[in-house]
Structure formats: structure tokens, C-alpha cells
Amino acid sequence: MFFGALGGCTGTLLASPFYMIKAQQHAQAVQSIAVGFQHKHTSMLDALQQIYRKSGVPGFWRGAFASMNRTLVASSVQIGSFPKAKSMLKDNGWVTHPVLLSFCAGLTSGTLVSLANSPFDVVTTRMYNQPVDENGRGLVYRGVVDCFTKILRTEGLHGMYKGFWPIYLRSAPHTTLVFVFFDKLLYFRDSYIFPQHTN
């Protein structure tokens, strides 16, 4: 779980500027149907230039802490739950076919990831998309804790799970396929490349 979280956080820290721009461009729409703050980027390069002009280099990592929390939770749950789910399914005789076992354990892990990750995904999106002042500070949320608090106070627990089904339909298949292929690669390694290694 630790190394899964470490790897996820490292990747998220490096990719945070692009995730922020993606969130801002996803929220961007014509005025008649616009929802939330509109950053009005014309392209990714334009977004990079606008962010740099307004907030400098630190502006690229605004909201990165929220995104790292999201990834920390997702990676930890994903890496920690898959072997447990696989062991439980196998030991109880519920699923015995190797590929089906990987599939069911992966789907279980993906479901748990979606449940644990959804609130952090909402907070990350809100942090990334909020307007900022001339110093690059958020005008709506002061930080991750403030964002969590305001969402819970004004929108309740339901607000933390807005967009849950799109998150689930993204995370569950991804997690399932990752672990199915991972197990098949291990099988290939143990059977053909290093046959002396056995699970």
C-alpha cells in the first residue's frame, strides 16, 4: 500500500498541471450552458501561458495537494484490496478459474477504489477549477480541508459523491483490466521466462 501510494503521488505531482488544465477545459462551455467558473482557455498552450502569466511557476501546482490526496487514497486502496479480495474469493472456493479470479478481485478492488476516491475527486476538481486572485490564491476554497468542509456543510454527503457513476465506470474497468493483465504477465513470467519462480 505504501509503495502504491508513493508511486501514485509521484506521478500525480508531475502530471498535476495537465490534470488542472483538463479540469478547467472540461468545465468550459458557451455562456448559455456554462456551469461554474470559466477560465476561457483556447488551447492547452494558451492555458499554460495564462497560468504562468497570472501565477508564475507555482500556479501550475495549485491544487496538487488535493490531487495527491486523491491518488494516495486510490493507489493505497487499489494495491491493498486486490490481493485480499483474491485470497478471500479463492480460499472460500467462490471463484477458482485463474482469469475469472483476477477479474472478480480486480472488480472488487475497483469498486472499493471508486467508493474511497470519489470525495477526493470532487475536491480536486473544485480546487483546480476555482477562480484565483492576482496572487494565484483560490477565491472560493482556501485549501483541501476548507473545500471538504464547505462541500459537506452546503451540499451534504451527497455532494461528496457527485459524479460517482462516471468515476466508477472509469475506475472499475481500469482497475479490473490492470490486475487481469498483471496476473497474466506474472503467469507468463513464471511459466516461460523464469520457470523456477513459483507463486
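Some observations on this one:
- Residue satisfying condition, being surrounded by fewer than 16 Cβ atoms within 10 Å (Cβ to Cβ) and in contact (Cβ under 8 Å) with a residue 12 or more places away in the chain, within set 22, 54, 84: 54
- Residues that are charged (D, E, K, R), at pLDDT below 95, more than 15 Å from residue 11 (Cβ to Cβ) and assigned to a helix (DSSP H, G or I) within segment 35-87 comprise 53, 54, listed in sequence order.
- Residues of segment 3-19 satisfying the condition of being open to solvent by less than 20 Å² (accessible area, probe 1.4 Å) and free of Cβ contacts under 8 Å to residues at least 60 places away in the same chain: 12, 16, 17
- From the options 177, 169, 157, residue that is open to solvent by 90 Å² or more (accessible area, probe 1.4 Å) and either in contact (Cβ under 8 Å) with a residue 60 or more places away in the chain or of a type outside the set (A, V, I, L, M) (or both): 177
- Condition check for residue 144: farther than 19 Å from residue 35 by Cβ and under 19 Å from the mean Cα position of the chain (by Cα): yes
- Single residue of 173, 131, 119 found to be closer than 18 Å to residue 73 by Cβ and either at pLDDT 95 or above or out of contact with any strand residue (DSSP E or B) (no Cβ under 6 Å at 6 or more places or on another chain) (or both): 119
- Candidates are the residues of segment 183-199 that are in contact (Cβ under 8 Å) with a residue 40 or more places away in the chain and open to solvent by 40 Å² or more (accessible area, probe 1.4 Å); the one that is nearest to residue 23 (Cα to Cα) is 184.
- Residue match in segment 73-81 (condition: over 22 Å from the mean Cα position of the chain (by Cα), small (Gly, Ala, Ser) and either more than 24 Å from residue 118 (Cβ to Cβ) or surrounded by fewer than 20 Cβ atoms within 10 Å (Cβ to Cβ) (or both)): no
- Which listed residue is small (Gly, Ala, Ser), under 22 Å from residue 135 (Cα atoms), open to solvent by 30 Å² or more (accessible area, probe 1.4 Å) and touching a residue at least 12 places away in the same chain (Cβ under 8 Å), from 36, 63: 36
- Taking every residue in segment 102-114 that is among the aromatic types (Phe, Trp, Tyr) and pairing it with any residue that is open to solvent by less than 40 Å² (accessible area, probe 1.4 Å), at least 6 positions away or on another chain, the pairs with Cβ-Cβ distances below 9 Å are 103/95; 103/176; 103/179; 103/180.
- Some residue of segment 182-193 being touching a Cys at 6+ places or on another chain (Cβ under 8 Å) and farther than 30 Å from residue 63 by Cα: no
- Filtered by the rule that a residue be charged (D, E, K, R) and farther than 30 Å from residue 109 by Cβ, segment 1-58 gives 40, 46, 53, 54.
The values are calculated or read from the model by the stated rules, or taken from the named source; none is laboratory data. This is a predicted model, so every value here is computed, not measured. Cβ atoms come from the backbone with ideal geometry, glycine included; neighbour counts cover every protein chain shown. These area figures cover heavy atoms from the full protein model, side chains too; ligands, DNA and RNA do not enter into them. Shrake-Rupley method; radii C 1.70, N 1.55, O 1.52, S 1.80 Å.
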